[in-house]
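The structure appears right after this line, and notes come after that.
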């Protein structure tokens with residue numbers, strides 16, 4: 001039974017697809033605008049995640065390079081205290097002398113993050129940087145930097161998204 005509008009005796013059918021050319025073009029343009037809007041919103045959100053991670057890697061490389069230069073010029077007796085003082089912005093730093101050994105497990109080595117850090121600062125390559133995560137889906141990373149005298153700078157950072165790892 002067709003749907004009737006008003007109280008008239010002749011049934012009037014409501015169609016979703018317009019009959020005229022102007023109506024059809026309008027519907028197609030409206031659908032295209034909605035599709036572009038939805039796709040843009042999705043891609044913007046995805047791109048923002050990667051941009052945040054890239055900027056965080058750049059910031060981490062700068063901070064580690066600065067920490068490395070400061071510790072190289074600091075007397076060995078003051079490096080332990082200075083390592084604790086350098087911990088900030090979500091990065092925990094600890095210094096260990098060459099004769100102090102501590103157990104490091106590297107369950108999920110992050111070569112992509114290492115390469116990104118080295119690309120931002122070549123001093124990190126000279127310091128033999130090693131970066132890993134405890135779990136594959138972890139948002140925190142751990143790492144070590146070797147100083148020229150054999151001592152080690154240990155770091156932990158908890159501000160990466162899972163797309164980096």
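The values are calculated or read from the model by the stated rules, or taken from the named source; none is laboratory data. Given the structure is predicted, the values throughout are model-derived calculations rather than measurements. When we count neighbours, we look across all protein chains shown, and the Cβ atoms used for this are built from the backbone with ideal geometry, even at glycine.
Some points to look at:
Okay, residues lined up against (1) modelled with pLDDT under 85; (2) surrounded by 11 or more Cβ atoms within 10 Å (Cβ to Cβ):
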site	(1), (2)
24	no, yes
30	no, no
39	no, no
48	yes, no
52	yes, yes
59	yes, yes
101	yes, no
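- Any hit, region 74-88, residues being over 12 Å from the mean Cα position of the chain (by Cα), outside any helix (DSSP H, G or I) and at pLDDT below 80: yes
- Contact map, region 116-141: residues that are on the phi > 0 side of the Ramachandran plot paired with residues that are modelled with pLDDT under 85, Cβ distance under 7 Å, separation 6+ or inter-chain. No pairs are found.
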